[in-house]
Amino acid sequence: MNQLKNIAVLFIGLAIFGNATAQKGHIKTVSGKLVKVEALEKRIEHIMDSIQLPGLSIAIINDAKIAYHNKFGVANLKTKKPVDKNSIFEGASLSKPLFAYFVMKMAEQGNFDLDAPIYDYLKDIFPKGAVAEASMEAYKTLTPRIVLSHGTGIPNWVKGEPITIAFEPGTDFSYSGEAYQHMGAALGTKLGIGWGSKLDTLFLKEVAHPLNMNRSFYTWNQILEEHTVKGHMNGKVNTEMHRDKNVGPGYSLQSDAYDYALFLIEMMEPKNLSVQLRDEMLKEHNHFKPDNKIHLETGQTGWGLGFAQKPTPNGLMHLHTGNNKDFQAYAMFVPDQKYGFTIFGNSDNLFPFLTEIEKLIEEQF
């Protein structure tokens, strides 16, 4: 099936919210505090101006519905082209939780076993020397469940070097985009479609379109060519784009806050995936040890199948950051409050924005 035919519905219905979702009055914070939309937007514009953040897509979920969405700033600092309702951003590592959901959907259909070693699907195409000899037996035990909860012992990225596994898989935590890439290749191989645009087309069919995520893709296409904003580093436009021909489960998602908010709503009130498998995603599978650096710095306690977890006074927060350097993104939700928050930015300074906006809308990270 031609991918562009499968995404022809991209712009249907976009006019219903123009540049900002049709909302008036207030949004609720995670604790239920009311904040005026006017005050929120003034604060957003002030922060963006003060830290020189080029462009932003932001969405807030109240009562498991998108209560607020808007896009601000410019798509390109050099041309001053404004961000508009069709603008798409790199999602960076927000690719991982969404791909984890795709894996769960394949498991639900019986097309992928969460506890079968991924090596079983890769052994016939495995490049010689890709894994250090001393780590090969450990690599053969890796399963999608271990990968999704970052228990592989594989470094984040190996950059062409042989993979070395730091500990017995499933006994500790090591965040790894590299492991997600191997899992994606295993899924595409198991399905007999590879890990290029055909795998992305299947993602669109089984995940994106059922959730009405019509601006979310893992591989490059003409729509992205026309609507993806430029990334920025140190206040300068990065002219290079990630025009990925292959699905990058760890990094290649292109999306925006509105689309990603729809995914967060699905995680709170699943309609396309069984409640049982949604619960399996949100259950803790990898508990941080007391000396874990992430735990000490953020208060996060572990990882489910896709999202990190952090206890808060308002309930357990599920969260994930994304950082492709010239693009950064963030998403969180608290199921107990049916609250969610996500932002996508086209620069290397989005996280200071998160720190500042928390002063108005309470803790988000």
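For the reader, a short list of remarks on this structure follows.
- Cα long-axis angle, helix 177-191 against the chain (0 to 90 degrees, to the nearest 10): 70
- Taking only protein heavy atoms and a 1.4 Å probe, the accessible area of the range 189-308 is 49% carbon and sulfur.
- Fully extending the segment from MET233 to GLU269 would add 9.3 nm, taking 0.36 nm per residue of separation and subtracting the current Cα-Cα distance.
- Cα gyration tensor shape for the range 215-323, rounded if a/c is under 1.5, else prolate or oblate: oblate
- Computed with a 1.4 Å probe over protein heavy atoms only, the accessible area of GLU280 comes to about 40 Å².
- Nearest-0.05 FRET efficiency for ALA166 and ASP279, computed from C-beta distance (R0 30 Å): 0.50
- Summary of packing: across the peptides 152-165, 326-339, the per-residue average of other C-beta atoms within 10 Å ranks them, highest first, as 326-339, 152-165.
- Per-residue ellipticity at 222 nm from helix content only, as computed over the chain with -39500 (n - 2.57) for each DSSP H run of at least four residues, stands at -8500 deg cm²/dmol.
- In this simple spin-label model, placing a label point 7 Å from the Cα along the Cα-to-Cβ direction at both ASP113 and GLU137 gives a separation of 2.2 nm.
- Ordering of 209-222, 248-261 by packing [mean C-beta count within 10 Å, highest first]: 248-261, 209-222
- Accessible surface, 1.4 Å probe, highest first, among residues GLU178, GLU363, GLU133: GLU133, GLU363, GLU178
- Environment charge of LEU191, counting only residues whose C-beta is closer than 15 Å and scoring Lys/Arg +1, Asp/Glu -1: -2
- Rounded to the nearest 20 debye, dipole of the range 109-186 from Cβ charges on Lys, Arg, Asp, Glu: 180
- Probing with 1.4 Å while keeping every protein chain in the model, the per residue accessible area of the chain equals 42 Å².
- Put a dot 7 Å past the Cα of LEU296, heading toward its Cβ, do the same for LEU191, and the two dots end up 4.1 nm apart.
- GNM top mover of LEU264, LEU56, LEU282 - the chain, alpha-carbon springs below 10 Å: LEU282
- Other residues with beta-carbon under 15 Å from the beta-carbon of GLU280 carry, at +1 per Lys or Arg and -1 per Asp or Glu, a net charge of -2.
- Tally of Lys pairs whose C-alpha atoms are under 25 Å apart, taken over the range 111-218, 8 or more apart or cross-chain: 12
- Between MET241 and ALA39, the simple spin-label model (points 7 angstrom out along Cα→Cβ) gives 4.0 nm.
- With the convex hull drawn around the C-alpha atoms of the range 117-176, the volume per residue stands at 75 Å³.
The values are calculated or read from the model by the stated rules, or taken from the named source; none is laboratory data. What you see is a predicted model; the values in this text were computed from it and never measured. Note: ideal-geometry Cβ built from the backbone for every residue, glycine included; neighbour counts use all protein chains shown. Side chains are part of the model used for accessible areas, which takes the heavy atoms of the whole protein and leaves out ligands, DNA and RNA. Shrake-Rupley method; radii C 1.70, N 1.55, O 1.52, S 1.80 Å.
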